[in-house]
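The values are calculated or read from the model by the stated rules, or taken from the named source; none is laboratory data. It should be emphasised that the depicted structure is a prediction, and the values quoted were computed from it without experimental measurement. Virtual Cβ from ideal backbone geometry, glycine too; neighbours counted across all protein chains shown. Surface accessibility is based on the protein's heavy atoms, side chains included, excluding ligands, DNA and RNA. Shrake-Rupley method; radii C 1.70, N 1.55, O 1.52, S 1.80 Å.
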Amino acid sequence: MVAATVLVMVTLVVMGALGTAMLRSYLFGRVDAQLLAFASAPGPRRLPARTPRSRPPQLPTLFLVEQVSASGRVQALGGSGRGVSPPKISAARLRGPDGPFTAAAGDPRHSWRVLVRATGGGRHVVFAYSLDAVNSTVTRLEIADAAAGAVAILILAAIGLPLVRVSLGPLSRIEDAAEAIAAGDLSRRIDRPAAETEVGRLAAVLNVMLGRIEAAYRAREEGEAHARDSEDRMRRFVADASHELRTPLTSVRGLAEFCLQQGEAASRAEMTRLMTRIQHEATRMGVLVEDLLLLAQFDEDRPLDRQPVDLSSVAAEAVLAARALPHGHSLTLLAATDPVIVCADSARLRQVIDNLISNAFQHTPPGTLVTVATGSTAGYGQLTVADNGRGMTAEQASRVFERFYRTDDARSRSRGGTGLGLSIAAALVEAHRGTITVDTRPPGHGATFRVRLPLATAGGGPADDGQPPARDSPAQAAPCRPAAGEAGPGEAELRLQESDSRPQRDHKAR
C-alpha cells in the first residue's frame, strides 16, 4: 500500500509539473506574441519624446514603454504598471538578442516580459508586459494540482486500504496454514478463495504441493517404521536362529568328541546310538535352514507348479503322516463328501497342512484334540485346523503369522519352534491367491486356523470371484494345468461332527 501511495504521489507530481510547464509555456507564448505585435505597430514608434500630462497615452494597461538613451537615462513613453516598479534591465541585455526575455522588477514579487528595439543613436525602446496575471494563473493551477493530489491520495487511502485488507485476507490464511503445518499439522490445507484470482491459483498450487509433501512424509514415516519393524524382527530372528542352531551344534560337537574319546573301546550299539543322535541334531539344523531358504524363495516370487488338486486327499495324506509321529494328541479328519478341487501346488499345499498340524501339536499339551476339516463355500475350498488347547490372546493372534514371531519368549525348544512354520504357511497360501486366518476363543478353548483357496474351474483355472489377487507375483500368474482324469469340483457340504462311516476320507487317531 505504501508503494502504491508513493507511486500515485510521484505520478501526480509529474503530471502537475508537466501541466504547469505546458500552461506557463502557452501563456508566455501569448505574451511574446502580444509584445511582438505591439512593438511592430506604427503607433508606439511615433510617440513624442514626452507624453503630455493632459492626454494620457492610449495603451493597454499591462504594457509599459520606456526609452533608454545612450547615456542610460530611462524615460517612460507610455503604459501603466499598475503600481508595479519598472523592469531592471542591464546594458548587456539592451544590446543582447532581439527576442523577448523575462526581467525582474524592483519588487521581487513581480516580473516583466521585455522586448528591446534599437532606434538609432544608441537609444533603445523597451516594451514590457507585466507577468502578474500569468504568474497568478500558474500559481492557481499549482494550488489546484496540489489540492487535487491531496484529495486523490486521501480517496486512495480511504478506498484502497479496505480493498487491500480484503485482497490480502487469503494471504493471512496462507500464513496461518503455514504456521500450523510448521507446528506438525501436516493435514492442514489452505482455504481456497476464488480460483480466478492470483491468490486463489496460488492457494490451489500450494495445496497440491502440501498434499505431495504430506504423502512423501507419511511414506518416509512408514518406511522408517517398516525398517524399525524389520530390524526388530531381524533381532528376534538372530536370537531364535542362534539358539536353535547353537543347541544342535553343541550336541553334535559333544557327541563327536565323546565318540572320539571312546575310540575302539566303544561298542557297535553305542556308536549307532551316538551317530543316530548326531543325525537327529543335523536334521534339526537342516529343517531350520530349509525354512529360511523357502522364505527367501517366496520373497523372490518363485512360481508354483499349480494343478487341480483334491484338498481332501492332500489333507488325508497329511493326517496319515502325522498319526505316525509320537505326539500324544488326538487327531481327527472331517472331509467333505464331494471332492474339493482347488488350483494348487500339491507339495506346497501339503506343507501348509503339515505346518498347521505341527503348530497345533507344539503349542497344546498332550491329549488335546486336533481336528482337520475340509469343505467348499462361495467359490473357495476351505481347510480348518482346530484344537481345544489353551488358545492365544488377541495380540498374539494379530502377530502369529509374522516371521520369527513366537508366543513363547523363553525360547524353550519344548515350548515351540523357531517361529517360521506359520510364516511359511501364510506365504504359501498367499502365493496360491488364498487367505489364512486364525479365530481366537476365550482362553482355554483353543484356536482355529482357516485356509481358503480358489476352486479350480472346469477348464482347470482358478475360479474368478471378482476379487483381486492377494499378490501380483509370478506364483499367482502361473496357470493351473488340469491333470488327466481329474474330477471336477462339486457342491460339498462341510460336516464338523465325527463319523466312522467314511473310511476313505475320515481318519481318526487316538
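Rounded to whole Å, the principal axis extents of the Cα atoms in the range 133-185 read 74, 15, 8, largest first.
Taking the square roots of 5 times each eigenvalue of the Cα gyration tensor of the range 165-211, largest first, gives ellipsoid semi-axes of 18, 13, 6 Å. Overall, the accessible surface of the range 99-147 at a probe of 1.4 angstrom is composed of carbon and sulfur to the extent of 58 percent.
The trypsin sites (Lys or Arg not before Pro) found in the range 62-114 that occupy coil by DSSP, while having at most 13 further C-beta atoms within 10 Å, are R73, R82, K88, R95, R109. On the basis of the beta-carbon distance and an R0 of 41 Å, Q262 and L325 show a calculated FRET efficiency of 0.85. Between T435 and I143, the modelled label-to-label distance comes to 9.4 nm, taking each label 7 Å out from Cα in the direction of the beta carbon.
Rounded to the nearest whole Hz, the Karplus-based 3J(HN,Hα) values (6.51 cos²θ - 1.76 cosθ + 1.60, θ = phi - 60°) of the range 429-434 follow the sequence 5, 5, 5, 8, 6, x, with x at glycine and proline.
When the alpha carbon gyration tensor of the range 77-167 is reduced to an equivalent ellipsoid, the three semi-axes, largest first, read 48, 14, 9 Å.
Protein heavy-atom surface of the range 313-383, 1.4 angstrom probe: 54% of the accessible area is carbon and sulfur, with nucleic acids and ligands not counted.
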